[in-house]
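Okay, structure first, notes after.
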Amino acid sequence: MLNIVLFGPPGAGKGTQSERLIEKYNLVHLSTGDIFRANIKGETELGKLAKSFMDQGKLVPDSVTIDMLRSEVLKQSTPNGFIFDGFPRTNAQAAALDEFLLTIDSSILLMLALEVEENELKTRLLKRAGVSGRADDADPVIIENRIRVYNNETAPVKDYYKQQGKFVSIDGIGTIDDITQRLFSVIDEKN
Ligand code: AP5
Ligand code: MG
């Protein structure tokens, strides 16, 4: 199985690039943010809980997020592999991911981390706010908070994968096509 963690701050291009990767390598795309937003739309209990955190740019608690992701992974019968987009966001999530991939005799091949500087992230998210309908894009204060939470709570997850020799940093500035090519070449070299 080809399992990739596509990592990066809010607005780095995780969702955009995931679309390209799933097509080329025939993978299942699991975006925790997208799954939470689908639950919010469907007005489920999980959605109500997640919304209270997401609207403030805070992380949804690990216990909830890990259980949800585990069930999404185990739902797939014979996948070629997964793109994990927006997960793991804490070291506890990273350890849980290793644990449940092990139960299906699998593991993460690579963490690909899209690196984009803060001003560019803010520009991208504010530009998207007009069309995304996302409450967490609409307010510059919430965007600031998402970036702060990323720096404080999520960026340290890079070290988890560095210790396993799986971390690769990718320049996330440039055209969408250029960045896709950078990702393809790293994956093709490892796969
Ligand atoms: P999530 O949905 O994961 O949002 P995010 O990480 O804040 O990131 P985005 O989805 O906004 O950005 P992206 O990197 O996907 O970039 P995109 O391709 O869209 O999480 C939302 C919330 O859910 C979290 O805050 C948290 O509350 C909760 N949550 C989710 N996962 C969780 C977890 N594991 N644990 C706990 N809580 C969790 O691109 C952004 C924009 O830029 C687009 O408009 C795009 O067109 C544009 N763009 C893309 N590439 C380029 C480029 N190369 N040049 C110029 N523009 C570009
Ligand atoms: Mg996204």
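The values are calculated or read from the model by the stated rules, or taken from the named source; none is laboratory data. Keep in mind that what you see is a predicted model, and the values were worked out from it rather than measured. All Cβ positions, even for glycine, are placed from backbone atoms using ideal geometry, and neighbour counts span all protein chains on display. The accessibility values were calculated without ligands, DNA or RNA, using every heavy atom of the protein model including side chains. Shrake-Rupley method; radii C 1.70, N 1.55, O 1.52, S 1.80 Å.
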(request) Filter the range 150-173 for residues that are out of contact with any Lys or Arg (no Cβ under 6 Å at 6 or more places or on another chain) and in a helix (DSSP H, G or I) and give the result. (result) Tyr150, Asn151, Asn152, Glu153, Val157, Lys158, Asp159, Tyr160, Tyr161, Lys162, Gln163
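Select from the range 115-148 the residues that are among the β-branched types (Val, Ile, Thr) and under 18 Å from Ile179 (Cβ atoms) and write down the one among them that is surrounded by the fewest Cβ atoms within 10 Å (Cβ to Cβ). Steps first, please.
The initial filter retains those residues of the range 115-148 that are among the β-branched types (Val, Ile, Thr), namely 116, 123, 131, 141-143, 147.
With the extra rule that they be under 18 Å from Ile179 (Cβ atoms), the set shrinks to 116, 123.
Details: Val116: 20, Thr123: 11.
For the range 115-148, the residue satisfying everything is Thr123.
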(request) Restricting attention to the range 74-91, report how many residues are among the aliphatic types (A, V, I, L, M) and more than 18 Å from Lys166 (Cβ to Cβ). (result) 1
(request) Would you point out which residue out of Asn145, Asn152, Asn191 is under 28 Å from Arg70 (Cβ atoms) and free of Cβ contacts under 8 Å to residues at least 24 places away in the same chain? (result) Asn152
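Residue under question is Phe36, and the condition is that it be of a type in the set (Phe, Trp, Tyr), farther than 23 Å from Ser107 by Cα and within 14 Å of ligand 2 (Cβ to nearest atom); does it hold?
Numbers: of a type in the set (Phe, Trp, Tyr): yes; farther than 23 Å from Ser107 by Cα: yes; within 14 Å of ligand 2 (Cβ to nearest atom): yes.
Criteria met by Phe36.
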(message) Would you confirm whether or not the range 159-182 contains a residue that is surrounded by 13 or more Cβ atoms within 10 Å (Cβ to Cβ) and among the acidic types (Asp, Glu)?
(response) no
(message) Just to be sure I understand, how many residues within the range 1-39 are open to solvent by less than 50 Å² (accessible area, probe 1.4 Å) and free of Cβ contacts under 8 Å to residues at least 40 places away in the same chain?
(response) 3
(message) Considering only residues that are in a loop (DSSP other than H, G, I, E, B), under 18 Å from Met111 (Cβ atoms) and within 13 Å of ligand 1 (Cβ to nearest atom), which ones fall in the range 9-33?
(response) Pro9, Pro10, Ala12, Gly13
(message) I'd like to check something: does the range 86-105 contain any residue that is under 23 Å from Arg182 (Cβ atoms) and either modelled with pLDDT under 95 or more than 11 Å from ligand 1 (Cβ to nearest atom) (or both)?
(response) no
